[in-house]
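K.L.:
Dropping a structure here in structure tokens format, bear with me for questions.
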Amino acid sequence: MQFFPFERPSPCTNRSVGILVWHPECHALLLQEHARPPFGIAAPAGHVEPGEMYPRAAQRKLEEETGLHIFSMQSVYIGRLDFACCRPGGNYHDWHVYQAYANGPLLPRLDEAHSLGWYSLETVKRLAERTAAYSAGHINTHDWERAPGLEPVWCVIFESLGLLS
């Protein structure tokens, strides 16, 4: 992420939320392709702001990134993951991931995401394979940024939830 000389990114809170939203009629997951680093395809997610509780942050991030409003959610994953982010001090995050039921029209934030859509589990598995190939050096950075796989942190979360088996 690039910042103007007068901008200073706020320090990392080392706390992140992610939201898994399943399509109500088919077994497809709502994912977005990041428009800026870290490049990759991911569930709606973001930092928990100072003083904010994890569930409220999940509601805020889903609304900001997709336009959807949560009407029910449950925790499905809690864990510390060592992945760096663009904020100072962000070398790990304590993640809380929720499965949510939401409604409203999809309104992607094009400043944050190239695309927002529903992905089948088979497609999610292929994206995870692309991430593994990139991590192993079989895909160069240019090709990755043009057509990324899953953001690596989501490979770990999806694997732990049994979505990639």
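The values are calculated or read from the model by the stated rules, or taken from the named source; none is laboratory data. What you are looking at is a predicted structure, and each value in this text was computed from that prediction instead of being measured. Cβ coordinates were reconstructed from backbone atoms using ideal geometry, including for glycine residues, and neighbour counts include every protein chain displayed. Surface areas here come from the heavy atoms of the whole protein model, side chains and all, with no ligands, DNA or RNA. Shrake-Rupley method; radii C 1.70, N 1.55, O 1.52, S 1.80 Å.
K.L.:
Computing the accessible area with a 1.4 Å probe over protein heavy atoms, can you report the carbon and sulfur percentage for segment 48-122? All intermediate terms of the calculation are to be shown ahead of the outcome.
P.N.:
Details: 2280 of 4180 Å².
Carbon-and-sulfur percentage of accessible area, whole number: 55.
K.L.:
Mind jotting down the three principal axis lengths of segment 1-90 based on Cα atoms? Whole angstrom, largest first.
P.N.:
Here the spans come out as 47, 28, 25 Å, largest first.
K.L.:
Whole-Hz Karplus ³J(HN,Hα) for segment 52-65, in order, using 6.51 cos²θ - 1.76 cosθ + 1.60 and θ = phi - 60°, x for Gly and Pro?
P.N.:
Residue by residue, segment 52-65 yields 8, 8, 4, x, 5, 4, 4, 4, 5, 5, 5, 5, 4, 8 Hz.
K.L.:
Between residue 135 and residue 160, take the C-beta separation as r, use R0 = 22 Å, and let me know the FRET efficiency to the nearest 0.05.
P.N.:
Working: r = 17 Å, r/R0 = 0.78.
Once rounded, the FRET efficiency stands at 0.80.
K.L.:
With a 1.4 Å probe and all protein chains left in place, how much accessible area per residue does the chain have, in Å²?
P.N.:
Numbers: 8860 Å² over 165 residues.
Here the per-residue accessible area is 54 Å².
K.L.:
OK, next. Could you give each residue of segment 28-45 its phi-based ³J(HN,Hα) in whole Hz, using Karplus coefficients 6.51, -1.76, 1.60 with θ = phi - 60°, and x for Gly or Pro?
P.N.:
Values, residue by residue: 10, 9, 7, 9, 9, 9, 4, 8, 9, x, x, 5, x, 10, 8, 6, x, 6 Hz.
K.L.:
Match the structure shown to one of the listed values [x] 35, 15, 15; [y] 22, 21, 16; [z] 26, 20, 13 of semi-axes √(5λ) of the Cα gyration tensor in Å, computed from it, and give that label.
P.N.:
[y]
K.L.:
Evaluate the relative contact order of segment 36-138 (contact order divided by residue number), counting alpha-carbon pairs under 8 angstrom at least 6 apart; express in whole percent.
P.N.:
Details: 106 pairs, mean separation 24.2, N = 103.
Across segment 36-138, relative contact order equals 23 percent.
K.L.:
Would you calculate a helix-derived [θ] at 222 nm for the chain, using -39,500 (n - 2.57) for each DSSP H run of n ≥ 4 and dividing by the full residue count, to the nearest 500? Mind dumping the intermediate values first?
P.N.:
Values: 4 runs with 43 residues, N = 165.
Mean residue ellipticity at 222 nm (helix-derived): -8000 deg cm²/dmol.
K.L.:
Something else: Looking at the chain as a GNM with Cα springs under 10 Å, which of 114, 96, 47 has the largest mean-square fluctuation?
P.N.:
Looking only at 114, 96, 47, the biggest GNM fluctuation is shown by 114.
K.L.:
Right, something else. Whole-Hz Karplus ³J(HN,Hα) for segment 94-100, in order, using 6.51 cos²θ - 1.76 cosθ + 1.60 and θ = phi - 60°, x for Gly and Pro?
P.N.:
8, 9, 10, 10, 10, 9, 10
K.L.:
Still on this structure, I have one more. Can you give the % of DSSP beta bridges in the chain that are antiparallel, to the nearest 5? The partial results should precede the final answer.
P.N.:
Working: 24 of 32 bridges.
Antiparallel bridges make up about 75 percent of those DSSP assigns within the chain.
K.L.:
What does the C-alpha gyration tensor say about the overall shape of segment 65-112? Classify as rounded when a/c is under 1.5, otherwise prolate if a/b is larger than b/c, or oblate.
P.N.:
On the way: a/c = 4.60, a/b = 1.42, b/c = 3.24.
Oblate shape, in that a/c is at least 1.5 and b/c is the bigger or equal ratio.
K.L.:
What residue among 128, 43, 147 has the largest mean-square fluctuation in a Gaussian network model of the chain, using Cα springs under 10 Å?
P.N.:
147
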